[in-house]
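Scroll down for the structure; my scribbles are underneath it.
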């Protein structure tokens, strides 16, 4: 059985270690997730399991998705995700996956969508030094040279002003400080991507 679950970021707080050290932590509402579909090599070409997280109103679910859930006798879910598994793993439709798949001291990686910060210049977006700050200079926060000129175009990947944030980010090496199966809470040391209420994918270290 794999170590993974879907969750929702609640916010950050702090806890105190046994030696009195203050530890910043993120509290995540992790699961329970319901197994919606089991995919196999014979039928789908690969081994995976589809899970759902968070309840959703039937009136806000379109007909194809409603049929997908109802044919399996499961109420509509807000979020769906797929995780690769091995052929030996035994997952059944309707099975619930809870936060107890993780334990204190486990190292995990968390994937989420970072906070969007709108259109940003290169000094904020990439940490460029910028031009001279004196009044005599007329260029302070400009990216200056745009790169090569003989190509008559801007190369892909060139660091330019543009949208900052609002992208998929994975933070690795986070330690599980505590779990609360009764309240479906997972306490992680450090920060995770995104704002409060954002969807998170938590996986065990690969």
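If the requirement is being touching a residue at least 12 places away in the same chain (Cβ under 8 Å) and not in a helix (DSSP H, G or I), which of these qualifies: 137, 191, 145?
None of the other options fit; the residue is 191.
For the condition farther than 16 Å from residue 189 by Cα and touching a helix residue (DSSP H, G or I) at 6+ places or on another chain (Cβ under 9 Å), what is the one hit in 58, 84?
58
Any residue in the stretch 34-46 that is closer than 17 Å to residue 185 by Cα, part of a strand (DSSP E or B) and within 24 Å of the chain's Cα centre (by Cα)?
Yes: the stretch 34-46 contains one or more residues that are closer than 17 Å to residue 185 by Cα, part of a strand (DSSP E or B) and within 24 Å of the chain's Cα centre (by Cα).
Which condition from (1) touching a helix residue (DSSP H, G or I) at 6+ places or on another chain (Cβ under 9 Å); (2) at pLDDT below 85 is the one that residue 129 breaks?
(2) is the only condition that residue 129 fails.
The values are calculated or read from the model by the stated rules, or taken from the named source; none is laboratory data. This one's a predicted model, so the numbers in the text were calculated from it and none came from an experiment. Every residue, glycine as well, gets a Cβ built from its backbone with ideal geometry; the counts of neighbours run over all protein chains shown.
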